[in-house]
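Below is one structure, written out as structure tokens; the observations come after it.
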Amino acid sequence: MPLSKIQFRPGINKEITAYANENGWFDSDLIRFRKGHPEKMGGWTRLSSNLIQGIGRSLHTWAALDASKYMGVGTESKFYIEEGGGYNDITPIRSTVTLGSDPFTTGTASSAVLTVTAPSHGAVDGDFVTFSGATLFDGITAAQLNTEFEITVVTPNSYTITTAGSASSGSTAGGGSAVSAVYQINTGLGTVVSGTGFGAGLWGGATTSYSLTTLNTTVNDSVTSIILTSATDFETAATTITANLTIASTSLPLASSTSFPDKGTVKINSENIRYGNNESNTLSDLTRETDGTTIAPHTNGDAVTFVGLIRIEDELIQYTGKTTNTLDTGVVRGVRGTLAVGHSSGVNVAEANDFIGWGKASAIAATTGGNIRLWSQDNWGEDLAFAVFDGTPYYWDKTLGLGARATDLASQTGASDAPTITRRIMVSGADRHLVCFGCNPLGETVQDLLMVRWSDQNSPFDWTPTSTNTAGSARISSGSEIIAAQKTRQEMLIWTDTSLYAMRFTGPPFVFSVSMLANNVSILGPNAVTTVGDKVFWIDRENFYAYTGRVQVIPCTVLRYLFDDVNLEQSFKFFAAPNKTFDEVFWFYVSSAATEIDRYVKFNFTENTWDIGTLSRTAWVDSGIHDNPRGSGISNSVNYVYVHENGNDADGSAMGSFIQSSDFDLAPDGDHFMFLSRLIPDISITDTSSDSSGSVDYILKTRNFPGDSYTTDSTNTVKSTTQQAFLRARARQAALRVESAKTDLGWTLGDLRLDVRPDGRR
């Protein structure tokens with residue numbers, strides 16, 4: 001029998017079944033199509049051995065006049081400028097304060113953990129602080145104190161740090177009387193936090209300001225003595241009332257309210273009374289007969305005891321007194337609808353005095369969750385303007401050097417009416433306006449999510465419109481919020497939750513015109529769009545789109561595959577990544593079983609082909625300033641920036657890649673069984689190893705009916721010089737899989753020929 005040539009259509013198609021997609025490709029990983037044929041994608045290497053703190057969500061490159069090449073890197077924790085593989089921390093400073101005398105306290109002997117007393121510090125867990133002026137104490141040297149630390153175990157007036165030293169004695173205060181603390185801006189979220197709707201937390205309530213410690217011993221569900229690691233900050237108080245209290249009383253006069261917190265619960269005889277205000281020895285904003293108690297009158301001079309409330313996991317516990325670190329008086333387990341259960345030693349114990357329960361207004365916002373920290377950035381000449389999504393815009397002045405921190409845009413010398421909060425920031429293009437999207441209007445401090453403002457084209461700091469400058473503003477007319485903005489050659493595109501707009505420079509008097517391009521079109525997230533040349537590509541919750549002067553839906557052969565296995569809760573992490581050298585756009589996304597980016601779909605916009613694969617990248621910048629694209633990624637929980645299209649390996653390890661075809665009938669319409677005896681490969685292999693023994697595996701899979709599982713009939717190791725491979729297989733239809741998992745190896749696949757003959761119908 002003559003050889004049968006099998007030619008596969010380029011591109012992965014998962015919109016139909018493998019059998020219906022006869023002579024097409026059905027699955028892939030880390031490949032691309034070029035000139036209609038699949039080949040292994042380029043590999044990547046680590047930019048440098050230096051780590052970045054946090055997950056890189058934004059990369060931007062530019063060059064200075066002195067030929068220096070810079071890259072801005074934004075994470076949820078830090079903002080860096082990279083040069084030559086070194087990461088320079090320019091994270092803005094939130095505040096600088098002088099702490100009280102001896103603000104550090106050591107823990108147990110030999111422990112490296114210190115508690116820092118810092119009233120009203122405003123820090124959150126994961127923030128960074130740098131100390132100076134501290135002196136040696138309890139075995140901790142000045143050099144070990146006067147450096148940067150990550151903050152942990154936060155309470156309103158204290159937090160902990162971990163030093164490079166260890167305490168000699170323990171439980172010792174020190175550090176001196178001239179300790180300065182420099183706080184960097186609060187860290188953001190590294191992953192999306194779900195919204196807290198009806199019933200969020202325990203009975204719809206929570207506490208917002210609390211002391212925190214840990215349980216120092218295991219307790220069962222009936223223990224009435226709670227031993228804590230430290231009970232210092234857990235409230236106790238007692239006094240007497242100074243007037244008769246009737247059932248109708250709305251305030252509670254005390255002999256002294258100094259030792260009572262601003263709000264909480266008190267006990268008078270057998271009645272618990274919740275209060276919301278403590279002022280001038282009077283508790284007001286009373287809620288009577290709380291916690292299942294009965295309202296009753298009380299007499300002048302009756303004892304008033306503060307009822308403390310703690311939260312251990314999902315249980316709320318009341319107490320009225322303590323001895324050292326033990327809550328041992330008036331302990332009532334499982335209050336306010338919670339259950340008394342056992343708890344293990346070491347679990348967190350939180351003060352919950354301002355906890356609000358069922359039917360009351362919650363102490364937390366119970367409507368929306370928290371989005372990850374995203375940055376937008378663009379260069380104004382040699383300088384860098386950047387902003388946190390729904391946060392402050394910042395500016396870094398190149399002349400101050402890489403050791404200088406970025407500062408608020410509004411605090412720059414000569415700044416006038418600059419926005420103080422924005423969603424996105426960019427430089428408009430050749431007309432050179434700094435533009436903020438979704439920012440506070442002129443003269444206001446409250447953010448307007450549809451407001452667009454721009455600076456004078458001669459200054460990124462002058463935002464006050466006058467007859468002699470080009471500063472101004474416009475408000476988008478449809479939708480409820482701006483989600484994304486993207487710069488093109490001739491205009492800026494703006495996506496709201498309902499529409500797409502174009503913003504074009506027209507010159508004075510109006511400076512910019514804003515017009516709707518499409519209605520009922522949106523975008524999946526702020527970074528789900530990219531520009532390659534004069535083309536803009538993006539994705540919303542239904543389709544892929546392109547804009548080349550008009551909006552077009554891109555036919556996609558992996559659309560159902562994507563949306564059948566995607567975690568839309570993490571959609572703000574999704575981003576588009578251009579690779580102009582190969583006319584490609586990636587969309588990196590989070591699969592349904594994951595919480596971080598682990599997959600991609602890729603579009604070749606010249607050949608109109610799609611492919612799919614697995615790769616953990618969290619940000620990307622194309623080649624241009626640098627010779628190769630760069631991507632931020634996570635490897636073994638460590639964050640690096642990688643140089644892509646660099647070699648054939650995955651950062652020094654084998655880069656496994658494969659492509660698998662759909663079914664192809666071995667006889668017309670699958671009418672006969674066919675016998676396969678020989679395979680003629682057509683493949684080009686690039687092997688950069690010293691032994692030049694590079695090979696790939698040709699795997700032939702067969703089945704008789706579309707509903708059958710595949711049987712692997714043969715696996716043949718193929719080199720560039722392999723003329724033929726012999727096999728024995730009998731089936732109606734077959735599929736080809738080509739794969740490799742060797743170092744220093746690249747490959748490009750040609751056409752396939754098979755030696756087949758009829759073998760009957762049964």
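I'd like to know if the range 470-493 contains one or more residues that are within 26 Å of Ser411 (Cα to Cα) and in a loop (DSSP other than H, G, I, E, B). Yes, because at least one residue in the range 470-493 is within 26 Å of Ser411 (Cα to Cα) and in a loop (DSSP other than H, G, I, E, B). Annotation: Val532 fulfils all but one of (1) surrounded by 20 or more Cβ atoms within 10 Å (Cβ to Cβ); (2) under 24 Å from Leu559 (Cα atoms); the unmet one is (1).
Residue check: is Val179 assigned by TED's automatic domain parsing to the domain that holds Thr105, touching a residue at least 60 places away in the same chain (Cβ under 8 Å) and touching a strand residue (DSSP E or B) at 6+ places or on another chain (Cβ under 8 Å)?
yes
The number of residues in the range 529-541 that are of a type outside the set (Ser, Thr, Tyr), out of contact with any helix residue (DSSP H, G or I) (no Cβ under 8 Å at 6 or more places or on another chain) and modelled with pLDDT of 95 or more comes to 7.
Quick one: count up the residues across the range 389-428 that are of a type in the set (S, T, N, Q) and assigned to a helix (DSSP H, G or I). Walk me through how you get there before you give the answer.
Taking the range 389-428 first, the residues of a type in the set (S, T, N, Q) are 392, 399, 407, 411-413, 416, 420, 422, 428.
Okay, now just the ones that are also assigned to a helix (DSSP H, G or I), so 399, 411.
Of the residues in the range 389-428, 2 are of a type in the set (S, T, N, Q) and assigned to a helix (DSSP H, G or I).
Within the range 707-719, residues that are assigned by TED's automatic domain parsing to the domain that holds Gly750 and surrounded by 13 or more Cβ atoms within 10 Å (Cβ to Cβ) sit with their Cβ atoms under 8 Å from residues that are in a strand (DSSP E or B) and among the acidic types (Asp, Glu), at 6+ positions apart or across chains, in these pairs: Thr715/Asp697; Asn716/Asp697; Val718/Asp697. Restricting attention to the range 222-238, the residues that are among the hydroxyl-bearing types (Ser, Thr, Tyr) and under 12 Å from Asn348 (Cα atoms) total 2. Between Thr160, Thr191, the distinction of being part of a strand (DSSP E or B) and hydroxyl-bearing (Ser, Thr, Tyr) belongs to Thr160 only. Just to be sure, is Ala502 under 27 Å from the mean Cα position of the chain (by Cα), modelled with pLDDT of 95 or more and assigned to a strand (DSSP E or B)? No; evaluated as a whole, the condition is false for this residue. In the range 256-298, the qualifying residues are those that are of a type outside the set (S, T, N, Q), within 27 Å of Pro156 (Cβ to Cβ) and loosely packed, with under 15 Cβ neighbours inside 10 Å, and the one that is farthest from the chain's Cα centre (by Cα) is Glu279.
The single condition from (1) closer than 23 Å to Pro578 by Cα; (2) touching a Pro at 6+ places or on another chain (Cβ under 7 Å) that Thr17 fails is (1). Selection of the range 734-757 for residues being among the hydrophobic types (A, V, I, L, M, F, W, C) and more than 38 Å from the chain's Cα centre (by Cα) yields Ala734, Ala735, Leu736, Leu752, Leu754, Val756. For the range 720-749, filtered to residues that are β-branched (Val, Ile, Thr) and under 19 Å from Gly24 (Cα atoms), the residue that is surrounded by the fewest Cβ atoms within 10 Å (Cβ to Cβ) is Thr748. Entry remark, the range 173-219: residues being of a type in the set (Gly, Ala, Ser), surrounded by 18 or more Cβ atoms within 10 Å (Cβ to Cβ), over 26 Å from the mean Cα position of the chain (by Cα) and at pLDDT 80 or above number 3 in total.
Looking for something surrounded by 19 or more Cβ atoms within 10 Å (Cβ to Cβ) and without any contact (Cβ under 8 Å) to a residue 24 or more places away in the chain - is there at least one such residue anywhere in the range 600-620? Within the range 600-620 (the criterion being surrounded by 19 or more Cβ atoms within 10 Å (Cβ to Cβ) and without any contact (Cβ under 8 Å) to a residue 24 or more places away in the chain), the answer is yes, since at least one residue qualifies. Looking at the range 574-660, what strands (runs of 3 or more DSSP E) fall wholly within it and have at least 3 residues that are outside the structural domain of His37 (by TED's automatic domain parsing) and out of contact with any Leu (no Cβ under 7 Å at 6 or more places or on another chain)? Output list reads 575-579, 584-589, 599-604, 609-614, 630-635.
Kindly indicate the residue of the range 140-172 that is in contact (Cβ under 8 Å) with a residue 40 or more places away in the chain and of a type in the set (A, V, I, L, M) and also surrounded by the fewest Cβ atoms within 10 Å (Cβ to Cβ) among those meeting that condition.
Step one: list which residues in the range 140-172 are in contact (Cβ under 8 Å) with a residue 40 or more places away in the chain, which gives 145, 153-172.
Those still in the list that are of a type in the set (A, V, I, L, M) too: 145, 153-154, 161, 164, 167.
Working: Leu145: 25, Val153: 15, Val154: 18, Ile161: 20, Ala164: 12, Ala167: 23.
Across the range 140-172, the extreme among qualifying residues is Ala164.
Just checking, does the range 584-593 include any residue being touching a residue at least 40 places away in the same chain (Cβ under 8 Å), surrounded by 16 or more Cβ atoms within 10 Å (Cβ to Cβ), under 30 Å from Ser637 (Cα atoms) and of a type in the set (Gly, Ala, Ser)? Looking through the range 584-593, none of the residues is touching a residue at least 40 places away in the same chain (Cβ under 8 Å), surrounded by 16 or more Cβ atoms within 10 Å (Cβ to Cβ), under 30 Å from Ser637 (Cα atoms) and of a type in the set (Gly, Ala, Ser). The number of residues in the range 728-762 that are of a type outside the set (Val, Ile, Thr), in a strand (DSSP E or B) and closer than 13 Å to Ile659 by Cβ comes to 8.
The values are calculated or read from the model by the stated rules, or taken from the named source; none is laboratory data. Predicted, not measured: the structure shown is a model, and the values here were computed from it. Neighbour counts are summed over all protein chains in view; Cβ atoms, including those assigned to glycine, are modelled from backbone coordinates with ideal geometry.
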